[in-house]
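Contents: one structure, followed by commentary.
The values are calculated or read from the model by the stated rules, or taken from the named source; none is laboratory data. Model, not experiment: these values are computed from the prediction. Neighbour counts are summed over all protein chains in view; Cβ atoms, including those assigned to glycine, are modelled from backbone coordinates with ideal geometry.
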Amino acid sequence: MKTRLALASPFVLVAVLLLPVSASASSITFDEPSITALITNTCEACGTLYYSPTYPSFTVGGLTMTVTGNSSSVAGLYFRTAFDARSPYPYDFISGNVAQIHNDALWLTFDDPVRTLGFGVALNATLLPSTMSVALFKNGHSVGTYVMPLDRTLVSIFGGTNSNSEGQFLVQGRKFDSALLTNYGDSFDDRSRFNWVIDNIAYEPSGPVPEPASLLLFGTGLVGLRAWRKRRQ
């Protein structure tokens, strides 16, 4: 049935024959100059660490991060110069500036639907392996939920095991416009539930965008096709 419709309708040919321009992937490392400029406060208790003011929500590029959840403390996110004062980092997915989350949940909302999402997370205080769930949504409807293990026994790329639980998330092929990250923390120390970092968020738009010049070209072709048919008749 679809084949017959494609042959009968010239407008379907436009959608089929348009030359697409692939939308480029985006990456947010929190090392961008606009974010680095916000990190101006000194954390005296943290040694050499520096941090930004706290925000309930923050937009960078085409992504909005909004803190939510059940923390009894003041919820929010801020940016800091490192996960801890050690160098090199013993964490595989965390590098440079990071976003620190003070609550157990974070919304990632994209300006345009995406089909790929990746990021790294680590907990600030943990003794046992833990988990984080990632729920994907499109227009407010769930399109899938994933459970990501966070483990401190992973062998670091710098050698040895990590001192805090960490994990890396990657999903491809699902079209969605928002994701809810829920951190369950360490059952031994509940503070890790409300104290974690996220870094290196990478995402890719859900589909190619038709090139305007191609749209004009095929639109003109359709007009010519109609005129040719009239002459034959």
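Overview of values
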{"quantity": "Options 78, 91; residue that is modelled with pLDDT of 85 or more and closer than 24 Å to residue 182 by Cβ", "calculated": "78"}
{"quantity": "Tabulated pairs, the range 134-154, first in contact (Cβ under 8 Å) with a residue 12 or more places away in the chain, second of a type in the set (Val, Ile, Thr) and surrounded by fewer than 18 Cβ atoms within 10 Å (Cβ to Cβ), C-beta under 6 angstrom, 6+ apart or interchain", "calculated": "135/145; 136/143; 147/131; 149/131; 153/161"}
{"quantity": "Matching residues, the range 120-147, being assigned to a strand (DSSP E or B), crowded, with 19+ Cβ neighbours inside 10 Å and either at pLDDT below 95 or in contact with a Lys or Arg (Cβ under 7 Å, 6 or more places away or on another chain) (or both)", "calculated": "120, 121, 122, 123, 130, 132, 136"}
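One line per residue, one yes/no per condition, for (1) modelled with pLDDT under 90; (2) over 24 Å from the mean Cα position of the chain (by Cα); (3) part of a strand (DSSP E or B); (4) not basic (Lys, Arg):
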{"residue": "163", "(1), (2), (3), (4)": "yes, yes, no, yes"}
{"residue": "179", "(1), (2), (3), (4)": "no, no, yes, yes"}
{"residue": "221", "(1), (2), (3), (4)": "yes, yes, no, yes"}
{"residue": "224", "(1), (2), (3), (4)": "yes, yes, no, yes"}
{"residue": "230", "(1), (2), (3), (4)": "yes, yes, no, no"}
